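The values are calculated or read from the model by the stated rules, or taken from the named source; none is laboratory data. In this text the structure is predicted, and so the values were computed from the model without any measurement. Glycine gets a Cβ as well: all are built from the backbone with ideal geometry, and neighbour counts include every protein chain shown. Side chains are part of the model used for accessible areas, which takes the heavy atoms of the whole protein and leaves out ligands, DNA and RNA. Shrake-Rupley method; radii C 1.70, N 1.55, O 1.52, S 1.80 Å.
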Amino acid sequence: MLFGFNIGGGNFQTNKHMDSNVIITKDKIGPKMCIKDCMLYIGCNGVNYIRDELTCELLSIFYPDDKLIFGNGTYFTNITKWTQEVNSCYPNPCQENTYCVEALYNQYVCVTFDVPCDSNPCLNSGTCRNGVNRYTCNCPSGYYGTICQCKYSLYNLIYD
């Protein structure tokens, strides 16, 4: 039985992807469950949904730095217009870095979660992006490598 699953009121923008901070990525999930999960995470205010992969990115959007870009097969929504029936986890009673799990008898449990980017693995001011059981580092100009650990030099440009 899914508690509090009547979700409505909002809509997704087709072929749009918000280039933003990913709180956590989940796979094998439907679009409405993606919205419900966002409502359970403090700081989540939008989602990217990749239909062909059944993948959901829970986002913490910080305007004006974040950009809505074209993403074929990707759907974006801000959760401000989405609603669900009131239950023990909605509105969310938990603190940051936790998510709410509904329990029986209108009770809830706040569960701590860890995501790969929490440990700040990217070096040299690289930007970490969470994925499903992984992360990627977007390296600043002049650096490369899985965690931006290598610096470009004239030698690299000639022999790489």
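So the values come out like this:
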| quantity | calculated |
| --- | --- |
| The chain - Cys residues lacking any other Cys C-beta under 4.7 Å | CYS150 |
| Length released on extending from ASN138 to PHE62, taking residue separation times 0.36 nm less the Cα-Cα span | 25.6 nm |
| Highest-MSF residue in the chain out of ILE23, ILE69, ILE61 [GNM, Cα springs under 10 Å] | ILE69 |
| Average accessible area per residue (Å²) across region 1-151 - probe 1.4 Å, nucleic acids and ligands excluded | 58 |
| Cleavage-rule hits, GluC sites (Glu not before Pro), region 1-108, DSSP coil, Cβ neighbours within 10 Å at most 12 | GLU85, GLU96 |
| Loop-resident sites, region 12-105, for chymotrypsin sites (Phe, Trp or Tyr not before Pro), counting at most 11 other Cβ within 10 Å (DSSP) | PHE62, TYR105 |
| Inter-label distance for ASN15 and THR83, nm, one decimal - labels placed 7 Å from Cα along Cα-to-Cβ | 3.2 |
| Apportionment of accessible area to carbon and sulfur, the chain, percent (1.4 Å) | 53 |
| Over 23 Å (Cα to Cα) - which of LYS32/LYS81; LYS36/LYS81; LYS16/LYS36; LYS16/LYS151 fall in this group | LYS16/LYS151 |
| Rounded to the nearest 20 debye, dipole of the chain from Cβ charges on Lys, Arg, Asp, Glu | 240 |
| In nm, spacing of pseudo-spin labels at ASN106 and LYS151 (7 Å Cα→C-beta vector) | 6.1 |
| Dipole magnitude of region 79-160, debye to nearest 20 (Cβ charges: Lys/Arg +1, Asp/Glu -1, about Cα centre) | 300 |
